[in-house]
There are 2 protein chains.
Amino acid sequence: MHEVFLQQAIDLAVNNAKTGAGGPYGAVITKDNCILAASSNQVTRANDPTAHAEIMAIRLACQKLSNFQLRRCILYSSCEPCPMCLGAIYWARLEKVYFACDRHDAAAANFDDSFIYNEIALPPSERHITMLQISLPDAMRPFTDWTKNSNKEPY
Amino acid sequence: MHEVFLQQAIDLAVNNAKTGAGGPYGAVITKDNCILAASSNQVTRANDPTAHAEIMAIRLACQKLSNFQLRRCILYSSCEPCPMCLGAIYWARLEKVYFACDRHDAAAANFDDSFIYNEIALPPSERHITMLQISLPDAMRPFTDWTKNSNKEPY
C-alpha cells in the first residue's frame, strides 16, 4: 500500500516536471489508507515560496478535517521533505513519512534542500542569511501574556 | 529603524496572546524601510499548522510583489523563526532577519521550536516522526524530466 501512495506522489511530481507547471515534487496524505489530500509543488504558479507539495497537501488535509493537526495521518512525498516541510510535518503532528528521492538527489537537480539543512546547524548570526537577535524590553510579553491567558487554544 | 519594525512584530504577538486569536507570534516584512506585509500567527483560527506569522507575512509580501522571491527584503519576527519558517526564509531569498525572543524562550512557553531543531539533526529514520525512504524505479523521474524541460521556471 505504501508503494502505491508513494507512486501517486511521484506521478504528480512527474506531471509538474514535464509540463513546467511547478517544481518536480508531489505529495499525498492518507488517513486509514484513504487519500485525504494530494498536491504538486505550486511555488511558481502561485507566487508562493512556501507552496511546496507537502505544505499544500498539509493545508488541504487540515481544511478537509477542519483541524490544525493531522494525527494518525501519513505523508508520502516524492522527495525527502526540505527543512521547511519537515517543520510543517512536526507542527501538523503527522504520524509517519515515506519518501522516494533524498536531499542529495534534490541538490543534484539544483535545489537548495541540502544547503538549507546545513545552514540550520549553524548559529543564527553565522548563516548566509544573517539572523540577529535584538534585545527589546517587551520581547517576553507575548509569552507571558499567552501563559496568563486561560482562554487560549494551545497547538 | 530595526527596533521600530521589530516592536511592531511584538505588538502583533502581544495582541494575539491577549485575545487568544492565535499563537503569541508576530512578523513584519519590509523593503527599502517600508512595510510590505505583517501578520500574527493564524494556526488555530485558520486550521492551518503552517500559518505561522513569518509564513503568513512571506505569503502576503509575495502576493504584493507578484513574485515568489523577496530579495532585498527584511523580516522582523517576535521570536527566532522555527525550522519551518527558517526554511521558508531561505526559499523566499530574504536578505536578513531580526528577532526578539529565541527558541529557548519559546520552549519555556511550551512550543516545540527547540525540539524540532534537535529532531532535524537526527537521521530521518531515528526521528520521533519516523521518515523512511522507499526505493521505487520511478523515483528519479521527476528530476530527470525537470532537467530536460527547457520551458521550466526554476526557483
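Put simply, of B:GLU126, B:GLU54, B:GLU153 the only residue that is more than 7 Å from chain A (Cβ to nearest Cβ), exposed (fewer than 15 other Cβ atoms within 10 Å of the Cβ) and not aromatic (Phe, Trp, Tyr) is B:GLU126.
Residue count for the stretch B:64-87 satisfying the condition of being in contact (Cβ under 8 Å) with a residue 24 or more places away in the chain and either farther than 26 Å from B:ALA17 by Cα or of a type in the set (A, V, I, L, M) (or both): 11. For the stretch B:89-98, which positions are over 23 Å from B:GLU3 (Cβ atoms) and either more than 7 Å from every other protein chain (Cβ to nearest Cβ) or among the basic types (Lys, Arg) (or both)? Answer for the stretch B:89-98, where residues must be over 23 Å from B:GLU3 (Cβ atoms) and either more than 7 Å from every other protein chain (Cβ to nearest Cβ) or among the basic types (Lys, Arg) (or both): just B:ARG93.
For residues that are without any contact (Cβ under 8 Å) to a residue 60 or more places away in the chain and facing chain A (nearest Cβ under 7 Å), scanning just the stretch B:1-13, find the one that is farthest from A:PRO142 (Cα to Cα). It would help to see each step written out before you state the result.
So the first thing to find is which residues in the stretch B:1-13 are without any contact (Cβ under 8 Å) to a residue 60 or more places away in the chain, and the list is B:1, B:3-4, B:7, B:11.
Add one more test, that the residue is facing chain A (nearest Cβ under 7 Å), and what stays is B:3, B:7.
Working: B:GLU3: 16, B:GLN7: 11 Å.
Per the criteria, the residue is B:GLU3.
Would it be correct to say that B:PHE5 is over 21 Å from A:PHE68 (Cβ atoms) and either in a helix (DSSP H, G or I) or aromatic (Phe, Trp, Tyr) (or both)? Spelling it out, B:PHE5 is indeed over 21 Å from A:PHE68 (Cβ atoms) and either in a helix (DSSP H, G or I) or aromatic (Phe, Trp, Tyr) (or both). The single residue among B:ALA106, B:ALA139 that is free of Cβ contacts under 8 Å to residues at least 60 places away in the same chain and either surrounded by fewer than 15 Cβ atoms within 10 Å (Cβ to Cβ) or more than 7 Å from every other protein chain (Cβ to nearest Cβ) (or both) turns out to be B:ALA106.
Let's see how each residue does on (1) within 30 Å of B:MET1 (Cα to Cα); (2) hydroxyl-bearing (Ser, Thr, Tyr); (3) in contact with a Leu (Cβ under 8 Å, 6 or more places away or on another chain); (4) assigned to a helix (DSSP H, G or I):
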| position | (1), (2), (3), (4) |
| --- | --- |
| B:ALA100 | yes, no, yes, no |
| B:HIS104 | yes, no, no, yes |
| B:ALA107 | yes, no, no, yes |
| B:ASN110 | no, no, no, no |
| B:PHE115 | no, no, no, yes |
| B:LEU132 | no, no, no, no |
| B:LEU136 | no, no, yes, no |
| B:TYR155 | no, yes, no, no |
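Given the structure, is A:ARG59 of a type in the set (D, E, K, R), touching a Pro at 6+ places or on another chain (Cβ under 9 Å) and at the interface with chain B (Cβ under 7 Å from one of its Cβ atoms)? Here the answer is yes, as A:ARG59 does meet what is asked. For the structure I just gave you, tell me whether A:CYS85 is at the interface with chain B (Cβ under 10 Å from one of its Cβ atoms), out of contact with any His (no Cβ under 6 Å at 6 or more places or on another chain) and under 17 Å from B:ASP48 (Cβ atoms). No, not satisfied. Just wondering, is there one or more residues in the stretch B:26-39 that are at the interface with chain A (Cβ under 9 Å from one of its Cβ atoms), surrounded by fewer than 24 Cβ atoms within 10 Å (Cβ to Cβ) and not in a helix (DSSP H, G or I)? No, the stretch B:26-39 contains no residue that is at the interface with chain A (Cβ under 9 Å from one of its Cβ atoms), surrounded by fewer than 24 Cβ atoms within 10 Å (Cβ to Cβ) and not in a helix (DSSP H, G or I).
Only the coordinates and a few stated rules stand behind these numbers; no lab work does. Bear in mind the structure is a predicted one, so any value in this text is a computation, not a measurement. As a convention, Cβ positions derive from the backbone with ideal geometry for all residues, glycine included, and neighbour counts pool all protein chains shown.
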